[in-house]
Structures are given as structure tokens and as C-alpha cells.
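Written out below as C-alpha cells is the structure these notes cover.
The values are calculated or read from the model by the stated rules, or taken from the named source; none is laboratory data. Here the structure is a predicted model, which is why all the values come from computation and not from measurement. Here Cβ is always computed from backbone atoms with ideal geometry, including for glycine, and neighbour counts include all displayed protein chains. Quick note on the areas: whole protein, heavy atoms, side chains included, nothing else; ligands and nucleic acids left out. Shrake-Rupley method; radii C 1.70, N 1.55, O 1.52, S 1.80 Å.
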Amino acid sequence: FPEGVYRCVFREADEKSCVLLEGNLEKGKPVDITYNTIFDADSEMAADLRDSSAMDFFGMRGGTFLKENSKIADVLYGEKKDVKCRILVSYPYCDMIEKRLKMVPEFSERENLEKRWKQIFEDIGRLEENIKELKNGNIRFHEQPLSWRFVITDNAIYLGYYEQKLSSKSE
């Protein structure tokens, strides 16, 4: 956050990849718990959501919050339909999605990249429909390059760093 503003700069390394120049996290205060993936935190986050009045998410597509995709989503669309839920995901046509995907080796080929981008576009559309079911749900879009995602509840902040792999497989 140089000067309090999130900034992440990408440089095209070649036609098939993208290199992150800024936005890397430095080691600081140790975190309480580290999970291998967001789905490893699923049960704890679902329990946390049950005790929260609000949940905020900032990330690329919010697949974790699609109906029937996680325990978190089960709580969100089940018993906590009245939770204040604010979701901020990538604008589906944003070229930063392409740059993020180019960082993942399995999407380096154009065909795989476009197939994944289409899936992200569809997921964001489904999420937009799902959020309408919530009494206090709201979804907005950003065009920021991402190096991390976060979920905030009343009790905790969950951070995930986007590595050079699928975000669902990142710590």
C-alpha cells in the first residue's frame, strides 16, 4: 500500500507469462493460523460467519461464495441470509483478469486462458444472482490487479495471497 493506495504493477515477461513487480508481501507479524487452501479454512470460516453480523470479500471471482460451493456459502444462503454481505470482485471484462491468469502456468496457452476466463465470467454472473437472495447482500466490481484476496467478518480477517497457481490452491 504505497502512500495508502493498493498498487500492483505487472510487466509482460513474454507473450505467455506475466511477472509481478510490486505487491509482494513481506514477512511481518506471524498470522495465527495458516491454511493450505481457502477450503481448508471452510469449517472455521463458516462457524465465524454464524457469529458475525457482516462479511466483506475482496478478490477475483468469489467462487467460494457460490451457492453449494462451500460450507461458508451454505451458512450464507441458509441461516445467515440477513448478514450484511459486501462482495467486491473483478469486473468480468477487465484485462487484469487476463494478466492474473497469465501468472498461472496451466493457463499460459491461449486456449486454456480463454476457457478459464469464460469460467470466471460465468461464476461472477452466478454470484451476482446468488447475492440477490440475501436480504443485505451487495456486489460491486473493481478493475484492480490482484496479488491477494481477503474475507473480513466481525471476528477475523482471512487473507490469501495469489500465487502462480489457482487461487483455490494458494495459502
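Results, tabulated for the structure shown:
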| item | result |
| --- | --- |
| Selection count, segment 136-149, where residues are modelled with pLDDT under 90 and under 20 Å from VAL75 (Cβ atoms) | 1 |
| Of residues in segment 113-125 being over 22 Å from TYR161 (Cα atoms) and either in contact with a Lys or Arg (Cβ under 8 Å, 6 or more places away or on another chain) or without any contact (Cβ under 8 Å) to a residue 24 or more places away in the chain (or both), the one least open to solvent (accessible area, probe 1.4 Å) | GLU122 |
| Hey, ARG140 over 25 Å from SER43 (Cα atoms) and either open to solvent by 40 Å² or more (accessible area, probe 1.4 Å) or out of contact with any Ser or Thr (no Cβ under 8 Å at 6 or more places or on another chain) (or both) or not | yes |
| Extreme residue, surrounded by the most Cβ atoms within 10 Å (Cβ to Cβ), among residues of segment 151-171 that are under 13 Å from the mean Cα position of the chain (by Cα) and at pLDDT 90 or above | VAL151 |
